[in-house]
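The values are calculated or read from the model by the stated rules, or taken from the named source; none is laboratory data. Since this is a predicted model, take the numbers as computed values, not measurements. Cβ atoms come from the backbone with ideal geometry, glycine included; neighbour counts cover every protein chain shown.
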Amino acid sequence: MREASETVWKSHAPQGYECPFCDLASGEFRFAGNLCEPGDLIYSDDLVLAFIASHGFDPEPGHVLVTPRAHYELLYELPDDVAARIMVVTRDMAVAIKKAWSPDGVTTRQHNEPAGSQHVWHYHQHILPRWTDDGLYFTPKRPIVPPAVRARKAAELRAVL
């Protein structure tokens with residue numbers, strides 16, 4: 001659709017933010033508060049990194065993050081080539097998780113802005129191994145959205161694309 005966002009999005013990073021993922025990408029590990037370690041790295045190319053996250057989710061302590069090598073805070077900002085590469089590497093990491101750890105399934109997720117539960121101000125995609133009844137999410141199914149409401153919502157989005 002576009003090469004990069006035409007809109008400048010507000011950054012939520014605090015003043016003087018030391019980005020842990022940029023630090024990992026540089027290989028310099030200059031920031032004392034960075035929990036990333038060289039041994040976390042799984043994959044790296046000119047556009048993206050894939051690595052084991054420093055924080056885990058029960059019952060499996062290991063999950064993977066895929067992040068752009070360059071600093072983009074939000075999904076909204078990603079150039080098409082970076083976004084495409086993130087998706088391919090996300091798929092490859094999901095397959096690797098399935099083969100290495102034999103989970104019952106895999107979940108991917110990504111967060112934007114504080115209201116979207118983002119807490120590291122560098123885009124990152126989570127790939128999590130899942131087991132039946134692991135309790136990671138419990139959101140009851142919502143009622144079916146009526147077709148007229150869905151059509152209106154689709155039209156609203158088409159209008160701004």
* Breaking point among (1) buried (at least 17 other Cβ atoms within 10 Å of the Cβ); (2) without any contact (Cβ under 8 Å) to a residue 40 or more places away in the chain, for TRP121 -> (2)
* Structure fact -> For the stretch 50-93 the number of residues that are over 23 Å from ARG130 (Cβ atoms) and touching a residue at least 12 places away in the same chain (Cβ under 8 Å) is 15
* To do: Could you list, in sequence order, all residues of the stretch 93-108 that are over 12 Å from VAL64 (Cβ atoms) and part of a strand (DSSP E or B)?
  => GLY105
* For residues in the stretch 23-65 being assigned to a loop (DSSP other than H, G, I, E, B) and in contact with a Leu (Cβ under 6 Å, 6 or more places away or on another chain), which is surrounded by the fewest Cβ atoms within 10 Å (Cβ to Cβ)? -> SER54
* Asked: Which one of these does ASP92 not meet: (1) more than 30 Å from LEU161 (Cβ to Cβ); (2) modelled with pLDDT of 90 or more?
  -> (1)
* Within the stretch 108-126, is even one residue at pLDDT 90 or above, touching a Lys or Arg at 6+ places or on another chain (Cβ under 9 Å) and of a type in the set (Asp, Glu)? -> no
* Taking the options THR132, THR139, name whichever one is part of a loop (DSSP other than H, G, I, E, B), out of contact with any helix residue (DSSP H, G or I) (no Cβ under 8 Å at 6 or more places or on another chain) and modelled with pLDDT of 90 or more. => THR132
